[in-house]
1. For Pro120, all conditions in the list (1) modelled with pLDDT of 90 or more; (2) assigned to a strand (DSSP E or B); (3) within 30 Å of Ser219 (Cβ to Cβ); (4) of a type outside the set (D, E, K, R) hold save one; what is the number of the exception?
2. Give Ala146, Ala160 a once-over and let me know the one that is more than 29 Å from the chain's Cα centre (by Cα) and either outside any strand (DSSP E or B) or surrounded by 13 or more Cβ atoms within 10 Å (Cβ to Cβ) (or both).
3. Within the stretch 68-104, which residues are among the small types (Gly, Ala, Ser) and outside any loop (DSSP other than H, G, I, E, B)?
4. Is there a residue in the stretch 75-82 that is more than 19 Å from Ala160 (Cβ to Cβ) and either surrounded by 19 or more Cβ atoms within 10 Å (Cβ to Cβ) or in contact with a Pro (Cβ under 8 Å, 6 or more places away or on another chain) (or both)?
5. For the stretch 195-210, indicate whether the set of residues that are buried (at least 19 other Cβ atoms within 10 Å of the Cβ), in contact with a Leu (Cβ under 9 Å, 6 or more places away or on another chain) and in a strand (DSSP E or B) is non-empty.
6. Are any residues in the stretch 48-70 in contact (Cβ under 8 Å) with a residue 40 or more places away in the chain and within 14 Å of the chain's Cα centre (by Cα), and if so, which ones?
7. Only one of (1) in a strand (DSSP E or B); (2) at pLDDT below 90; (3) among the aliphatic types (A, V, I, L, M) is not met by Val182, so which one is it?
8. Could you please give the count of residues in the stretch 133-171 that are under 23 Å from Tyr201 (Cβ atoms) and hydrophobic (A, V, I, L, M, F, W, C)?
Amino acid sequence: MGICNRITNMLNCGAFKVLITLIAIIALPSLVSAQNLIVEGFSGINTTKYGSPYTSNTRYLNFGGRLAGGMHKLQLGVEYSQDLISPQLDLEFNGAPFGTDEITSTYMGIFLRSKLCRYPAARFGLVLRAGAGIYDSKLTFTDAVAGQQLNYNYDQYYGANGGIGFSFPFGKFAMIETSYNVYYSKRPEIPNLRQSYTSTYHSLQVGISYNFIFGKIKSKYEDIIKIRYGG
């Protein structure tokens, strides 16, 4: 499904409208006096914490990007990610393997971000982030005996997430971002095939971000950069 359709579905969801309204109220002062625009690319090593019928966890990789704007200590943003290597989960019946599920997902959502330090766009600090969004997922089942593959699409579903990490400067306004994140969601049922289950995963992420500074705060940052790099 295209990104435009996904955004439309997000905005048509009643619960998501309430969430957007609450986040907008919290972030309104930040957006009105926008001072900082952040662009970030990241990759993550993820560990599944799925519910039944999956009895074991597995690791997989994803990558994505974030765009956020607001005050230099609080931003509202959008996030997109997709699997690079999808999770593969073994299925058993009476202790014997009978197949493997591979689940490929993309995610799009919104988030609030805060970096706790005096000058977040130029110095080391603690980063807190919370958000929510929508998933598109596809299931590929491989029969362990015949090797036959069957493909199914899940209905879109919503999830919430939170993360904590650190941001390290390595250029004038560039940062290395590291974080530990938990993404919670519940995948819907595929009739006559898979029941609904909790599809939470934990994600260790590393990324690179760049800050664009505007307004009155820009002069303070320019002074910091001059002291650090000279000139």
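The values are calculated or read from the model by the stated rules, or taken from the named source; none is laboratory data. Just so we're clear, the structure is a prediction, and the values are computed from it rather than from any experiment. Cβ: placed from backbone, ideal geometry, glycine included. Neighbour counts: every protein chain shown.
1. Going through (1) modelled with pLDDT of 90 or more; (2) assigned to a strand (DSSP E or B); (3) within 30 Å of Ser219 (Cβ to Cβ); (4) of a type outside the set (D, E, K, R) one by one, Pro120 breaks only (2).
2. Values: Ala160 fails: more than 29 Å from the chain's Cα centre (by Cα).
After ruling out the rest, the residue left standing is Ala146.
3. Residues of the stretch 68-104 that are among the small types (Gly, Ala, Ser), as a first pass: 68-70, 77, 81, 86, 95-96, 99.
Within the stretch 68-104, Ala68, Gly69, Gly70, Gly77, Ser81, Ala96, Gly99 qualify.
4. Initial filter on the stretch 75-82 (more than 19 Å from Ala160 (Cβ to Cβ)): none.
No: zero hits.
5. Residues of the stretch 195-210 buried (at least 19 other Cβ atoms within 10 Å of the Cβ): 199, 201, 203, 205, 207, 209.
Next, from what is left, pick out any that are in contact with a Leu (Cβ under 9 Å, 6 or more places away or on another chain): none.
Checking the stretch 195-210: not a single residue is buried (at least 19 other Cβ atoms within 10 Å of the Cβ), in contact with a Leu (Cβ under 9 Å, 6 or more places away or on another chain) and in a strand (DSSP E or B).
6. Initially, the stretch 48-70 is screened for residues in contact (Cβ under 8 Å) with a residue 40 or more places away in the chain, giving 48-54, 62, 64, 66, 68, 70.
Those that are in contact (Cβ under 8 Å) with a residue 40 or more places away in the chain and within 14 Å of the chain's Cα centre (by Cα): Asn62, Gly64, Arg66, Ala68.
7. (2)
8. The qualifying residues number 6.
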